[in-house]
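K.L.:
One structure follows; several queries about it will come next.
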């Protein structure tokens, strides 16, 4: 029982080529947030491919893969969150639809950074 408690809910790794990968649980924003400002200053649109992450820089492009059905989507980080224990990313409604997680509300996913924002690449 104690061993189960010590298993991390998410894990981050860098591959030998410097690729950033994280595995954990995704949720998605309610469409009620439509029109509100995100932490990056953009207006939230549930039909755009965007997401919230606690630490990745704004503008980072991330491939999100649903580990149950292997469906993937590329999203741009434009907000902070999620602020629910055990979750690593909050997807827009459209992104959640594309990976087939809307009916359940959460899904175990793999995140892979595919492009860092311009300021980080210099």
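Values quoted throughout were computed directly from the atomic coordinates according to the rules given, and no laboratory measurement underlies them. The model shown is predicted, which means the values in this text are computed figures rather than measured ones. Counting neighbours? That spans all protein chains shown, and the Cβs are built from the backbone with ideal geometry, glycine included.
K.L.:
To the nearest 0.05, what FRET efficiency results for residue 83 and residue 63 with a Förster distance of 22 Å applied to their C-beta separation?
P.N.:
0.45
K.L.:
Rank these for me by crowding, 98, 108, going from fewest to most other beta carbons within 10 Å.
P.N.:
If I rank by nearby Cβ atoms, fewest first, I get 108, 98.
K.L.:
Something else about it: Starting with the fewest neighbours, write out 56, 97 ranked by other beta-carbon atoms found within 10 Å of each beta-carbon.
P.N.:
So the ranking, lowest neighbour count to highest, is 97, 56.
K.L.:
Largest first and to the nearest Å, give the Cα extent of the stretch 8-117 along each principal axis.
P.N.:
Here the Cα extents, ordered largest to smallest, are 40, 30, 23 Å.
K.L.:
Need one number: % antiparallel among DSSP beta bridges in the stretch 8-117, to the nearest 5.
P.N.:
80 percent
K.L.:
Between residue 31 and residue 114, what FRET efficiency follows from the Cβ-Cβ distance if R0 is 22 Å, with the result rounded to 0.05?
P.N.:
0.25
K.L.:
Additional query: Normalising by the residue count of the stretch 8-117, find the relative contact order in percent from Cα pairs under 8 Å and 6+ residues apart.
P.N.:
Normalised by residue count, the contact order of the stretch 8-117 is 37 percent.
K.L.:
Could you list 76, 94 in order of exposure, starting from the residue whose Cβ has the fewest other Cβ atoms within 10 Å?
P.N.:
94, 76
K.L.:
What is the stretch 15-74 by shape, rounded, prolate or oblate, if you read a ≥ b ≥ c off the alpha carbon gyration tensor as root eigenvalues and call it rounded for a/c under 1.5, prolate for a/b larger than b/c, and oblate otherwise?
P.N.:
oblate
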